[in-house]
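Okay, structure first, notes after.
The values are calculated or read from the model by the stated rules, or taken from the named source; none is laboratory data. Values in this document were obtained by computation on a predicted structure and should not be read as measured data. Because the Cβ atoms are built from the backbone with ideal geometry, glycine has one as well, and the counts that use them run over all protein chains shown.
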Amino acid sequence: MDGDTVETYGKLVSWDENEDAVSLMLSQRQFSPGEGLRVFEIQERIYPFLIKCCELILHDLVADGSLLDEKFPIIHDEAPNAMSKNTTVVGEILPALATLAAEAPYRPPANLDLYRMRGIIAAKRSASEDNLLALREDPGYFSDTVMDWSEHRNDRLLDTNGNPHPTGPHTVEFWERVIRNVIATSYSDFMTWDHLLKNINKVIGLQEKYKDEISYERQLPHDYLIELLKLQQLYVYYFPLIL
């Protein structure tokens, strides 16, 4: 899918003629013919819609044919950073956030912000650590947490005949399960966020190490690629927790 002309965009490359063709496909930097065809089919529906939107918005330029004039060059600008170090007044932050929200659907996809992701993960890890320590050190907090967990269990409900669950709140087994789940989940949450934080710190370190070597034209450094793929799998699995 490289190229800006009809001759180069979507050009088929033979494995026998280009030794990099297999590597480009396996690394997903390019598409196999079947996948590329599906991309074209999607673009065939999306692009006319986008062009029509532009024509409706810029109808005055379309009518007189000046839309393609050189005095209207394509401008590739970077999205403003609403939380930059120079922005210290709340009144200055809000307009920037409103502008970002309004322009976001019309901007190209932004780069992966690993530092922002690390900040979110670090906050989650800190919160899970505070919860774990409070359970260990504060009997009142432990009691309130156990009671809260017990209120959200199906085995607390009566059956259709109005009878309690065989192992409901009136039994020792019920409270054993609740306490076991509270403790196990608290440790599990902390270990999860701690593992995610260590992983993303490693990815950020490798990104800084190879920042001058990363290029679309060649494969990523092996150790950086491995850690990035690990982060991708962890992110996909734990992203609902981040939200």
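Among residues that are on the phi < 0 side of the Ramachandran plot, polar (S, T, N, Q) and assigned to a helix (DSSP H, G or I), Thr160 is not included. Set side by side, the residues Tyr141, Tyr224 differ, and just one is without any contact (Cβ under 8 Å) to a residue 40 or more places away in the chain, under 30 Å from Ser23 (Cβ atoms) and surrounded by 13 or more Cβ atoms within 10 Å (Cβ to Cβ), which is Tyr224.
Any residue at all in region 101-112 that is part of a helix (DSSP H, G or I) and at pLDDT 80 or above? No, because not a single residue in region 101-112 is part of a helix (DSSP H, G or I) and at pLDDT 80 or above.
Of all residues in region 12-53, those that are assigned to a helix (DSSP H, G or I) and free of Cβ contacts under 8 Å to residues at least 12 places away in the same chain total 22. Applying the condition of being among the hydroxyl-bearing types (Ser, Thr, Tyr) and surrounded by 11 or more Cβ atoms within 10 Å (Cβ to Cβ) to region 10-30 and asking which residue is modelled with the lowest pLDDT yields Ser27.
Of all positions in region 199-207, none carries a residue that is among the basic types (Lys, Arg), outside any helix (DSSP H, G or I) and surrounded by 10 or more Cβ atoms within 10 Å (Cβ to Cβ).
All of Val172, Val146, Val178, Val182 fail the test of being in contact (Cβ under 8 Å) with a residue 24 or more places away in the chain, among the β-branched types (Val, Ile, Thr) and more than 28 Å from Leu234 (Cα to Cα), apart from Val146. Annotation: Thr160 fulfils all but one of (1) in contact with a Phe, Trp or Tyr (Cβ under 9 Å, 6 or more places away or on another chain); (2) at pLDDT below 90; (3) of a type in the set (Val, Ile, Thr); the unmet one is (1). Looking across region 144-178, the residues that are surrounded by fewer than 13 Cβ atoms within 10 Å (Cβ to Cβ), under 26 Å from Asn131 (Cα atoms) and aliphatic (A, V, I, L, M) come down to Met147, Val172. Only one entry of Gln219, Gln232 meets the criterion of being within 30 Å of Glu19 (Cβ to Cβ) and outside any loop (DSSP other than H, G, I, E, B), and that entry is Gln232.
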